[in-house]
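The block underneath contains the structure these notes are about, expressed in structure tokens.
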Amino acid sequence: MAPRAYWKGTLKLSLVSCPVVLYPASTVAAKTRFHLINKETGHRLKQQMIDAETGEVVEGDQKARGYELAKGKYVEIEPEELDAVQIESNHSIDIDSFVPREEIDQRYLNHPYYIAPDGKAALDAFAVIRDAMKDQDRVALARIVLTNREHVMAIEPLGKGLLGTTLRYPYELRDEADFFEDIRSPKITSDMVELAGHILDTKAAHFDPSKFKDEYETALKALVKRKAAGKSIKPEEREERSSNVVNLMDALKQSLKSKGRSRHATAKSHERRSPQRRSAKRSRRTTTRHRRAG
């Protein structure tokens, strides 16, 4: 049974429309979280708002929203003024266009949602929109209002349903030039690139998120379990990272050699073990014969 819907509305493609529901496709509920507590009593702590200048506690009816115009200078915004500019949801996902999947910059992808038909009456229209997108191999760009803000959403088929991912606006992205412009372009030989390519080949794989391991989360759960059981926690000594600068070409060659040695050693060990096993078997058979003869 599906969980409670996060949002209900209508998916619209020109004159075709169908009732749909949205479910968040990701969750942080399983992550280990901590609360602030009083070390003496073990009770949970509550936070209070403090005036940054006077240090006095500010009560709820004294709190307001303000936008910082200059350092320490704020303009107060009243709740009714915010209400005047908020976008009222029309509970619809309006598809504006369809774009090739490869044209969507990965940096714009934000929050994923599952989109499913709302009721049996919506199945036909939902299937038509979903299967048309499958045939065209295109992603729909639509507008949706969530939490009083309008979002652009990329929608694509996913199994029997649809996957809708809200997109960031351009002003939310940082310009890569601000971070990459100081990266110099050194002279790299074709041999170095070829050697690096060989190393890449040895680590070739397929995308399999089931192999992702959150080691920190695992360690946190183990820590909490040991602590709750009254066991002591001793931090492990960490190895110091080597600061030696090595020649890149030598490092690439060494990486390939270590791969080759590892494979060769594995093959040799199999070869060495085989005669030993045969000899051991012969010895056991000979011993058995002597026992029978005796």
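Every number here is computed from the coordinates shown, using simple stated rules; none is lab data. Being a predicted model, the structure only gives us computed values, none of them experimental. Note: ideal-geometry Cβ built from the backbone for every residue, glycine included; neighbour counts use all protein chains shown.
Within a Cβ distance under 14 Å of Arg101, other residues only, what is the Lys/Arg minus Asp/Glu net charge? Display every interim value, and only then the final one.
Values: positive: Lys134, Arg138; negative: Glu102, Glu103, Asp105, Asp135, Asp137, Glu156.
Result for the neighbourhood of Arg101: -4.
Would you work out which of Gln86, His43, Leu22 lies farthest towards the positive end of the dipole of the range 17-97? Charges go on Cβ: Lys and Arg +1, Asp and Glu -1.
Comparing the listed Cα positions along the dipole, His43 ranks first.
For Gly197, what is the net charge nearby, where nearby means another residue's Cβ is under 13 Å from its Cβ and Lys, Arg count +1, Asp, Glu -1? Mind dumping the intermediate values first?
Details: positive: Lys203; negative: Asp191, Glu194, Asp201.
Charge balance near Gly197 sits at -2.
Could you work out the relative contact order of the range 67-141? I mean the mean sequence separation of Cα pairs under 8 Å and 6+ apart, divided by the number of residues, in percent.
Working: 31 pairs, mean separation 29.1, N = 75.
Relative contact order for the range 67-141 comes out at 39 percent.
Put a dot 7 Å past each Cα toward the Cβ at Arg174 and Val224; how far apart are the dots in nm?
3.1
Tell me which lysines have Cα within less than 16 Å of Lys253's Cα, excluding those fewer than 8 residues away on the same chain?
Lys203
For Leu141, what is the net charge nearby, where nearby means another residue's Cβ is under 14 Å from its Cβ and Lys, Arg count +1, Asp, Glu -1? List each step's numbers first, then the result.
Details: positive: Lys12, Arg101, Arg138, Arg143, Arg168; negative: Asp94, Asp96, Glu103, Asp105, Glu150, Glu156.
Spelling it out: positives minus negatives among the neighbours equals -1.
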